[in-house]
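Heads up: the structure comes next, in structure tokens.
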Amino acid sequence: MKKKKKKKKKKTTKVMVYFNIKGDDFPLETVTELLDITPTKTMKKGERRTSNHPEHPPYFFTSWSYGTDYEETLDIDDQLLPVLEAFKDKIDVINHIQNTYDTQFSIVIVPEI
């Protein structure tokens, strides 16, 4: 008598992806207007990290981010490609931002553990 093989359920993971612009201090509103994209998160140098905890030190840099929330996936491209697509025609603008405000850029992939 043959044993039935159990189908293994494919495991998914939750992943968040975002494009980040980081620098000492730059105008968030100007960057938003230049890119014509609404950021999903911003941090401004000197602002408190959270109003609920005034003992936390303020941010020591400025950051502009656009990306996804955590989403279940078997393929990281599900989150990565839409983020890349949003910036594919904005290379000249990104270079202008970098040259004007001395910023760094990164694409961050964050798995939930």
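Using the structure shown, decide if F26 is open to solvent by less than 90 Å² (accessible area, probe 1.4 Å) and farther than 26 Å from P111 by Cα.
Working: open to solvent by less than 90 Å² (accessible area, probe 1.4 Å): yes; farther than 26 Å from P111 by Cα: yes.
Yes.
Among the numbered conditions (1) assigned to a helix (DSSP H, G or I); (2) open to solvent by less than 30 Å² (accessible area, probe 1.4 Å), the only one that L34 does not meet is (2). Whenever a residue of region 38-64 is at positive phi, its partners that are among the hydroxyl-bearing types (S, T, Y), lying with C-beta atoms within less than 8 angstrom and at least six residues away or across chains, give the pairs G46/Y59.
Among residues of region 102-113 that are in contact (Cβ under 8 Å) with a residue 12 or more places away in the chain and within 11 Å of S63 (Cβ to Cβ), those with a Cβ under 9 angstrom from a residue that is in a loop (DSSP other than H, G, I, E, B) and open to solvent by less than 90 Å² (accessible area, probe 1.4 Å), sequence gap 6+ or separate chain, pair up as T103/F26.
Among the numbered criteria (1) in a loop (DSSP other than H, G, I, E, B); (2) at pLDDT 95 or above, which one does H56 miss? Only one criterion is unmet by H56, namely (2). Scanning region 59-87 for residues that are acidic (D, E) and either part of a loop (DSSP other than H, G, I, E, B) or open to solvent by less than 70 Å² (accessible area, probe 1.4 Å) (or both) gives D69, D75, D77.
The values are calculated or read from the model by the stated rules, or taken from the named source; none is laboratory data. Keep in mind that this is a model prediction, so the values were computed, not measured. Every residue, glycine among them, receives a Cβ derived from its backbone with ideal geometry; neighbour counts consider all protein chains shown. What goes into the accessible areas is simple: the full protein's heavy atoms, side chains included, and nothing from ligands, DNA or RNA. Shrake-Rupley method; radii C 1.70, N 1.55, O 1.52, S 1.80 Å.
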